[in-house]
Each structure stands twice: as structure tokens, then as C-alpha cells.
1. Which one of M73, M91 is in contact with a helix residue (DSSP H, G or I) (Cβ under 6 Å, 6 or more places away or on another chain) and not assigned by TED's automatic domain parsing to the domain that holds P311?
2. Any residue at all in the range 121-133 that is in a strand (DSSP E or B), touching a residue at least 24 places away in the same chain (Cβ under 8 Å), of a type in the set (S, T, Y) and crowded, with 21+ Cβ neighbours inside 10 Å?
3. Which condition number does S3 fail, the rest of (1) at pLDDT 95 or above; (2) among the hydroxyl-bearing types (S, T, Y); (3) surrounded by fewer than 20 Cβ atoms within 10 Å (Cβ to Cβ) being met?
4. Being in contact (Cβ under 8 Å) with a residue 40 or more places away in the chain and of a type in the set (G, A, S) is the filter here; which residues of the range 77-107 pass it?
5. If you take the residues of the range 134-160 that are touching a Ser or Thr at 6+ places or on another chain (Cβ under 6 Å) and in a helix (DSSP H, G or I), which of them is surrounded by the most Cβ atoms within 10 Å (Cβ to Cβ)?
6. Give me a count of the residues in the range 248-290 that are farther than 14 Å from F21 by Cβ, free of Cβ contacts under 8 Å to residues at least 24 places away in the same chain and among the aromatic types (F, W, Y).
7. Please identify the pairs in which a residue from the range 323-339 that is within 13 Å of A385 (Cα to Cα) has its Cβ atom under 7 Å from the Cβ atom of a residue that is of a type in the set (A, V, I, L, M, F, W, C) and in a helix (DSSP H, G or I), counting only partners at least 6 apart or on another chain.
Amino acid sequence: MISLGGGMPHKQTFPFEGISFKTTDGATLDMSPDEMNAALQYSPTPGITLLVNELKGLQRQEHNPPPAANNDMALAVCTGSQEGLARAFAMLLNPEDTLLIEEPTYSGSLAYLKPYGCNLVGTATDGQGLIPESMEDLLDNWAHHHPNKSKPRVLYTIPTGANPSGGTLSADRRKQVYAIAQKHNLIVLEDDPYYFLQFSKQRLPSLFSMDTDGRVLRFDSFSKILSSGMRVGVVTGPKVLVDQLCLHTQAVNLHPSGLSQMAVYKLLQYWGVEGFESHVQFVQSFYLKQRECFLQSAEKHLKGLAEWSTPSAGMFVWLKLNGVTDSFTLIKEKAIDEKVIMIPGNAFSSSDEPSPYVRAAYSTASAEDMDEALARLARLLRANAN
């Protein structure tokens, strides 16, 4: 075959002929000329084939999806999982449609969804994530609860270490949520960037691992376990949905960065399954220590002033400030004056109602800085009460 069709640049015009990555364990990973060309050239929209195949193997090994989901499984690399989510929202929702979300939910998704204009209906959560009984009552009695809104066809959930609440669905709750999705014929968008940041010895099963119907579209991210700046995310699920999502990507940005994709591929190839798991264990251990430092300082400074649940995954603690009906002014103005940055709870709500909550992240601050920040917050809360 002689191609005079595509407008691909000639590889001889690329100003790079090689690149090397040095890992933290001292190894040097060199790209071969063929790998370098693949990284610099246009690639298939779902991603560089080497990486896509590697990730499919990882997903099958980690989640062991049922035959229906496994046989029909498609996978695409995204420029961060948030890009994949935005494309899924656009694909599955019209402005007059209703999306079922957790209350509270991720502000990054709300930043897309609120201007989009669809109906956002929250279902209740607690310290262990989405409450299945509340979700089932809401859907079973939809006409009573929301007589003027269309019944949702899509659920958006963050099942592990949820941002902002830190809640993680138990295995039983996950089974219940999937059964409710089956009962009401919902497509489930499983946004799971903190899956590998679970603090238990055995990771909880994903909703994707239970998908006997091909209704779960799963979003993973390398931002929390490799690098946020590389912007590499993954969407996995039914081929018909992933293919449609890729058509959107093809029309907007063709495909994610080839250099980032190839860097991830080289690292996964170098590590192998055992090396990847070893790195994941290191990341889990790091954030577990961070969490413990935060909780010790919270107990020391905020006891009686705030309430919280202990997160079993992720990077966040959801603080309910006692005696505060709206945390916005306290956090956005007074806390800033005291040189403390947290996020007020209404940033994570689909409504404009005031919130007594704040989100605190324990991911990057030192133990000393976390302790000082919570001491400053405690002083503000005491002053606010007087």
C-alpha cells in the first residue's frame, strides 16, 4: 500500500531523535527510535497501541470483569481522566436531561456540568460514601420527589476516597448501588482516581468488576500515582460508549500527548506487575502517614469545634464546622487572612445552599504545617463563636 492520503509530518523533520527517563530507583529508560517516532507522530485516537494493550492487561488483572464486560471491553487514553469525564457528560446528557450525582461531589465535574445546563440531582452520602437506601428511595419515588424533572439515565459516582467527602463505599454498598443501577437501567460513570490510594490491605472491588450488563464506564487516573502533570487518564468500558467518546476526542484534539503516553508505557514495562504493585504500596503508605498526621492534629485542635469521619482512601477530610451555617466567608476571607487555605463546602454542591463543611487536603503539607493550619482554624472557630 502506498499512502498519499494522510497529512502526517515526516519523521525526518522531528528535531528529537531520543529521550531518556531516569527513575527514582536509579534506572535509565531509553526510548528506541521506533518508540520515539510513535511518541512524536500522530497516533490512534484511543492511544498508542503499546500503551493501550498494556493498560488493558492491567485492567483485566486488577478488576477481572465479568465475561460480558470483558469481551466487550474497550479502552482509551485521555488527557487526564477529567477530559474523559467531560466527553462522557457531553455524550450521554442533553440539557433537559437529569444526572444523578452524589451530594457533595467533585467541584471539577460541577464546573463542566453547571454551565452545561442539565438537571443535577444529588443523592445523600455519609462518611462511607453514597447511601444506597437513599438512592433507591429517590429513584423508586422519582415522580414524588421531582415531578418536573426527567428521571435520570446516568449516575456519576466517586466510590473510593471521594473528593471532597473522603468517603469510600463498602463492598456491600457497591453491590447495592450496582443492583439499583440495574433496576433503574442507569449507565454508571465510575470516577475512581483514588482507587490505588486505599489504606486497607485488600482493595475493594470496583463497580466495573461487577458489570454483568455492560453499563459501567470507568475512569482511572495516573495523576495520583505517577504524575499529575503528565495528564494521562484512562476510560474503560463498553465498546459502543468508548468508541463514541473517541469520536469526540478525534474532532477536538485528535489524541493525548504521545510523549506522556510513551513515558507511562516505558515505566509500566520496566516495572512489570510486581514493580507497579510495589510503587502503589509506597504511594498508599505515604498518604496513610499523611492522613494520620492530619487526624492527630485535628483531634488535638478541633475536638468539639468540628466533626469528621476517618477516610479509608484518598487525600481529603470533610470537616463539619460546629456552630457554622455557612463556611464560605470564614474560609474564603477570614482563613485567608490567617494564611490558611481550605475549600468551603458549597464549592462541591449542585445547589446554592450554604454549607457548614470545608474540605481539607492532607496530601502535600508537612506534619508541622498541618498542625499549625488546624490550630489557626481552631482559633477562628472560637473567635466566630464569641
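1. Unique residue meeting the criteria: M91.
2. Yes, because at least one residue in the range 121-133 is in a strand (DSSP E or B), touching a residue at least 24 places away in the same chain (Cβ under 8 Å), of a type in the set (S, T, Y) and crowded, with 21+ Cβ neighbours inside 10 Å.
3. Going through (1) at pLDDT 95 or above; (2) among the hydroxyl-bearing types (S, T, Y); (3) surrounded by fewer than 20 Cβ atoms within 10 Å (Cβ to Cβ) one by one, S3 breaks only (1).
4. Residues satisfying the conditions are G80, S81, G84, A88, A90, S107.
5. M135
6. Going through the range 248-290 one residue at a time, the tally reaches 2.
7. Once the first residue is within 13 Å of A385 (Cα to Cα) and sits in the range 323-339, its partners that are of a type in the set (A, V, I, L, M, F, W, C) and in a helix (DSSP H, G or I) give G323/A385; V324/L330; L330/L380.
Let's see how each residue does on (1) of a type in the set (S, T, N, Q); (2) under 28 Å from the mean Cα position of the chain (by Cα):
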{"site": "M315", "(1), (2)": "no, yes"}
{"site": "K334", "(1), (2)": "no, no"}
{"site": "V340", "(1), (2)": "no, yes"}
{"site": "G345", "(1), (2)": "no, yes"}
{"site": "S349", "(1), (2)": "yes, yes"}
{"site": "P354", "(1), (2)": "no, yes"}
{"site": "A361", "(1), (2)": "no, yes"}
{"site": "L374", "(1), (2)": "no, yes"}
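The values are calculated or read from the model by the stated rules, or taken from the named source; none is laboratory data. Small disclaimer: the values here were computed from a predicted structure and weren't measured. Every residue, glycine among them, receives a Cβ derived from its backbone with ideal geometry; neighbour counts consider all protein chains shown.
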